[in-house]
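So the structure is just underneath, and the comments pick up after that.
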């Protein structure tokens with residue numbers, strides 16, 4: 001069946017990442033403007049930075065001799081855009097922080113995909129990593145902090161860094 005299908009062009013695949021890149025910039029910006037929160041220059045700069053990441057992913061993975069699938073990457077970036085829109089609506093002050101976490105997640109993704117020697121190490125310690133993740137969730141039940149003031153103790157604080165293990 002695949003012999004009947006014409007080969008995909010690189011332009012078509014890249015177009016699938018242009019749309020999520022635009023959504024990453026537009027959705028949070030429009031939500032902030034609609035809710036009378038003017039996006040500051042730092043928020044706009046961070047949104048432009050994160051919007052460039054979907055477009056930077058294929059060349060970087062190409063340099064690392066890795067194949068990429070636009071049908072996996074595009075929906076992941078659309079979900080990031082929708083998540084930023086929800087955060088912009090609920091807690092506009094956290095948009096810049098969330099953008100930085102998205103950039104950190106992207107860097108971790110490129111690191112894991114680009115350096116395949118890390119994957120066997122992760123597989124070797126998968127049960128220890130699972131236990132550590134579950135342990136963080138249990139610690140959150142006991143010593144979690146309520147950062148929103150709404151009663152949900154979902155955050156752990158390690159010095160100046162707050163994480164939400166769930």
| said: Among the listed residues 74, 107, identify the single one that is more than 17 Å from residue 16 (Cβ to Cβ) and either modelled with pLDDT under 90 or out of contact with any strand residue (DSSP E or B) (no Cβ under 8 Å at 6 or more places or on another chain) (or both). | reply: 107
| message | Out of 162, 133, I need the residue that is free of Cβ contacts under 8 Å to residues at least 40 places away in the same chain, in a strand (DSSP E or B) and surrounded by 11 or more Cβ atoms within 10 Å (Cβ to Cβ). Which one? | response | 162
| message | Exactly one of these conditions fails for residue 152: (1) modelled with pLDDT of 85 or more; (2) under 30 Å from residue 36 (Cβ atoms); (3) outside the structural domain of residue 15 (by TED's automatic domain parsing). Give me its number. | response | (1)
| Just wondering, is there one or more residues in the range 117-140 that are over 18 Å from the mean Cα position of the chain (by Cα), farther than 28 Å from residue 158 by Cα and at pLDDT below 85? | yes
| Which one is nearest to residue 35 (Cα to Cα) among residues in the range 79-91 that are surrounded by fewer than 19 Cβ atoms within 10 Å (Cβ to Cβ) and under 10 Å from the mean Cα position of the chain (by Cα)? | 83
| request: Name every residue in the range 92-109 that is under 18 Å from residue 79 (Cβ atoms), surrounded by 17 or more Cβ atoms within 10 Å (Cβ to Cβ) and more than 10 Å from the chain's Cα centre (by Cα), in order of residue number. | output: 95
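The values are calculated or read from the model by the stated rules, or taken from the named source; none is laboratory data. Given the structure is predicted, the values throughout are model-derived calculations rather than measurements. Cβ coordinates were reconstructed from backbone atoms using ideal geometry, including for glycine residues, and neighbour counts include every protein chain displayed.
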